Every structure is written in C-alpha cells, then in structure tokens.
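Here is the structure we will look at.
The values are calculated or read from the model by the stated rules, or taken from the named source; none is laboratory data. Worth saying up front: this structure is predicted, and the values here are computed from it rather than measured. A quick note on method: Cβ atoms are made from the backbone with ideal geometry, for glycine too, and the neighbour counts reach across all protein chains shown.
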Amino acid sequence: MKRVNLLCLTAMLIGVLGGAMVSPTYGQEVRKTTSTGHRVVEDGGTGEYKAVMYTDATLPSHTIFRPENLEPFGEQNKLPVIAWGNGACASSPWEHINFLSEVASHGFLVIAIGTMPEEGERSRERTTASQLIEAIEWALAGNANPSTIFHGKVDADKIAVSGMSCGGLQALEVAPDPRVTTAVICNSGVLERSGGGMPGMPSVTKDHLSKLHSPTLYLLGGETDIAYNNGMDDFKRINHVPVFVANMDVGHGGTYREPHGGEFAKVATAWYKWQLKGDTEAGKFFTGDRYKLSESTIWTTEKKNMP
C-alpha cells in the first residue's frame, strides 16, 4: 500500500474519533449553575458578554452557548449563529465546551450538536451533518417567533458552520447551504479516498470542495495532526473562494480544552468577529500583507483569494 493510502486509512480510523483519544485534560471546569438552570463554563469567557451553556426543551438534541444577558442584543446588535459539529461526530460537545463558551462570550449564539455534558462526560454516539441544519433552522425560527427570548435578536444573514475532526467534515458537508456565510474547519479535511471512513463519518469527496461558496478557515495542529495532510490538500484545491489556513504545532487535539479554548479559540473568534460582525480590527489577523498572524511565532499561515 502506498504511503498516501496509509495516511488516508489512519485519518479515517482516528479522524472519526476526533480529539477524544489524543486530547490531554486541562482544567476544563463548570463552575456553577445559574438560577435559571443554565451552567457557566469556567468564568463564562473573556468576552464582553458572559456566556452560559444549556439545553433547550425545544432543541433537546443540541447544546446552546450564548451570552447570559440578552438585553444588549436587538436590531442594532444581533447575534450571529455558529453551528458546531464535535470531534468523533459525537453526540456531546464535552471536549469543546471551554472553546465554545469563549466564542459565545464575544456575542455569538453557538449551537453544538449533542446533549449538554455532565462534567467530564464523554459520548461515543454518532451524529449526522443534518443536525447542523437543524441548529440553524431552530435559531432562525426563534428569531421570527415573538414568544421566544431570541425574537429579533438573531442575525439571520450571518451564519457559520464549524466543527472539529469528524465534525469538520460535517461542516464541510453542509457548507454549500446558501444561508451559510462562512465555514471554520478545525483539525479536519476531506479524506483522500471517497467511500472510506467508519460508520457515521460524512462521505464527502474532494469534488465537494467546489461547492463551497463562502470564506473558509482551516485550523490545523501542524504536521503531527492526523488531519494535516487532508486539510492542507483541501487548501491547495480551493481556488474559487477566500481561504485561510493556520497551523499550530499541537497535534490533532488542538487547544480546545485549555483555559478559554487556548489559541484555537483566539484565532477562531477573530475570524467569526470579522466574517460575522464586520469587525475590521479582528480582520487584521488575516488581511493585508503584514496581517497579525503572519507575525506570530506559534502559527504558520497561508491564504488565497484574500486581501
């Protein structure tokens, strides 16, 4: 068997398991439960709006991360939507809660596939990419319904699909949806061979990349990341939309479970703020000849079709 096929086979076997097998444990912690039954991850994030985590009875198959106080949001300050797929395509975002809470604290409605985890809980049940669409449609329905807390507060024109490892493939599968504004693909990439993988893994092929229609960010863990070759190959093939790839030498597990999601959360949040909120200061991480990440000592980057 050729070396490239061995790499693909390994990616199929481990990519579907996500970071769960390789992520170290960092002080992931749910500190308290609020009076409403919502839970606070760490200190609620470093953003302007302290975040909470909970499951809504009208969407029991997902976990919601959002600013606890929704009063600042309305016509002039709406919540963009981020739908998230987990490593291993698992039915719980247990290994990503620090990361997702941090992102939400900057003024986003983040909806992860899977039920809200108990502290340290892991799930190996498989999910489907269609659940990302369910999350988007739930948010849009809430925005339109006067009886919900999200009425008039959600930005229906600013929607991201994102995910890690197998969840990144889920995000790629649904990224062609015309409602999607941007895609963030973490520790993932389309496998070299079609029809492979394990049960529950999206069967997208390299041809699928031509269907992307929005700016796309790849966050990879460097050459020791099992998804590195697949992700970098995606980057090379994508020539019709803006695409940015950033590598940090941390392997497949990323930094999601570090306090506030670590460096991966910082870069992803900057991208979300730029793409979904029009934050030009955040955009400086990625734009211009001397963009901020180009001067980083821990990230190596490339970009195409971008200013």
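Contact map, segment 32-48: residues that are closer than 14 Å to Ser105 by Cα paired with residues that are basic (Lys, Arg) and in a loop (DSSP other than H, G, I, E, B), Cβ distance under 8 Å, separation 6+ or inter-chain. Pairs shown: Val40/Lys50; Asp43/Lys50; Gly44/Lys50.
Within segment 76-107, the set of residues being acidic (Asp, Glu) and at pLDDT 95 or above comprises just one member, Glu102.
Residues satisfying the criterion are absent from segment 139-151 (criterion: β-branched (Val, Ile, Thr), within 23 Å of Gly114 (Cβ to Cβ) and crowded, with 23+ Cβ neighbours inside 10 Å). Please tell me if Tyr228 is buried (at least 16 other Cβ atoms within 10 Å of the Cβ), free of Cβ contacts under 8 Å to residues at least 40 places away in the same chain, touching a Phe, Trp or Tyr at 6+ places or on another chain (Cβ under 7 Å) and not aliphatic (A, V, I, L, M). The answer is no for Tyr228.
Glu95 falls short of the stated requirement of being more than 19 Å from Met201 (Cα to Cα), in contact (Cβ under 8 Å) with a residue 24 or more places away in the chain, assigned to a helix (DSSP H, G or I) and not hydroxyl-bearing (Ser, Thr, Tyr). Flag not set for Ser203, criterion: at pLDDT 95 or above, over 14 Å from the mean Cα position of the chain (by Cα) and polar (S, T, N, Q). No other residue among Val190, Val241 is closer than 25 Å to His96 by Cα, in contact (Cβ under 8 Å) with a residue 24 or more places away in the chain and among the β-branched types (Val, Ile, Thr) apart from Val190. Taking segment 43-83 as the range and being part of a strand (DSSP E or B), surrounded by fewer than 18 Cβ atoms within 10 Å (Cβ to Cβ) and of a type in the set (Gly, Ala, Ser) as the test, only Gly74 passes. Here Glu118 does not fit the description of being in a helix (DSSP H, G or I), closer than 17 Å to Val41 by Cα and among the charged types (D, E, K, R).
Collect the residues in segment 108-155 that are at pLDDT below 95 and of a type in the set (Asp, Glu), keeping them in residue-number order. Glu118, Glu119, Glu121, Glu125 - these are the residues of segment 108-155 that are at pLDDT below 95 and of a type in the set (Asp, Glu). Only one entry in Thr216, Thr269, Thr181 is within 18 Å of Val161 (Cβ to Cβ), touching a residue at least 24 places away in the same chain (Cβ under 8 Å), surrounded by fewer than 23 Cβ atoms within 10 Å (Cβ to Cβ) and of a type in the set (Ser, Thr, Tyr), namely Thr181.
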